[in-house]
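Structure first, commentary second.
Here, each number is a calculation from the coordinates, and none is a lab measurement. Everything numeric in this text was worked out from a predicted model, so none of it was measured. For neighbour counting, all protein chains shown are included, and Cβ atoms are generated from backbone atoms with ideal geometry for every residue, glycine included.
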Amino acid sequence: MGQGSTMIFGMPAPLAGMLFAGLFGLGLILAALLMLMRRKADPLERLNAARPTPSTTAATAATAAGGQPGRLRQGRGNDKLHKYATFLEPKDAQQMSEIRTKLLQAGYRSRAAVRYFNFAQFVLGLAGLALGAGYYLLAAAKGAEMGMQETLLYILGPGGMGYLTPRYWVTKRQQERQKEIQSGFPDALDMMLVCIEAGQSIDQAVLRVARELRASYPSLADEFEIVSHEVKAGKDKPAVLRDMAERCGVPDISSFVTVLIQSSSFGTSIADALRVYASEMRDKRVMRAEEAANKLPTKMTLVTMTLTVPPLLIILVAPSLHNITTMGGQ
């Protein structure tokens, strides 16, 4: 019995108590989730959900007429996480705005993007904790001795990695999308300038550029197409352009929006403003290419030293070490 008081299932009593406390807390979290999932829907929410909106009515009419709703239309659709919005969405308006902006810049324009993002963090975090606890139990069953730090690392480490994986994914998508928009923007400006000088309006030029850039730069084409649809829907053009700059998160797009708004406000020629700005964007692209080329020798030097110096030292020093050891043995 004395040995049983210090060991529980082959584990030290403090570690076993901490593990049981963690499992009990996990059970409480799952029970709270089940209670939230079984929460009855409010009758007013069901009536609002059943009430047809103008967008759904227009989409239904377009489908009945033999067409398809717009490809960029982002309706709520079958949002199964809507009733858990109070649990999955931040209460702070500023935090909610920051997460939504980050998701928009990553290309996730759905209304439920924040809910799915937080849901993915929660589920992957719990899955990581479960995997870590399972690995710890398996290692303890085999007789492995682990300290307090190792136990926390094996249990909480996978949980933290699972929780941070969606944030890393969204940040990576945001950087790739911004890089794509920045790369294709000079070409888009040149094409827009050609369209305007050919006699098209700025709205027609934006739509034409969106169609032509679809194969090469789909993210930039999506942004121009959204601008075209919002302008056709009657939204104020300066507000549409500012929303585009916010969705992209690229300084070049923000400067372009400022140029268009100022040109429209002061009544100057849009073609002249685009010609000057397109020339600046081409120069900036050349400067970025030169900067990347100048960084290349430094990166190659580090790699060359890492791959060349150790073999060279082995070739030069190894014979001397061998002779020294041989003479010492004699």
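What to note about this one:
- Taken along the Cα-to-beta-carbon direction at a fixed 7 Å, the label points for Thr325 and Arg282 span 6.5 nm.
- Karplus-derived HN-Hα couplings along the range 159-164 (A = 6.51, B = -1.76, C = 1.60, θ = phi - 60°), whole Hz, x at Gly and Pro: x, x, 5, x, 5, 8
- Between Thr304 and Glu197, the simple spin-label model (points 7 angstrom out along Cα→Cβ) gives 4.4 nm.
- Above-threshold pairs, the threshold being 30 Å between Cα atoms, out of Lys142/Lys172; Lys237/Lys284; Lys102/Lys237; Lys102/Lys235; Lys179/Lys235: Lys142/Lys172
- In a DSSP loop and with at most 16 other Cβ atoms within 10 Å, the GluC sites (Glu not before Pro) in the range 94-191 are Glu145.
- nm² value of the averaged projected area, convex hull over the Cα atoms of the range 184-330: 13.4 nm²
- Using 0.36 nm per residue and subtracting the Cα-Cα separation, the extra length available between Ala93 and Thr258 on full extension is 56.7 nm.
- In order along the range 118-129, phi translates into HN-Hα couplings of 5, 5, 5, 4, 5, 5, 5, x, 5, 5, x, 4 Hz, rounded to whole numbers, per the Karplus curve 6.51 cos²θ - 1.76 cosθ + 1.60 with θ = phi - 60° and x for Gly and Pro.
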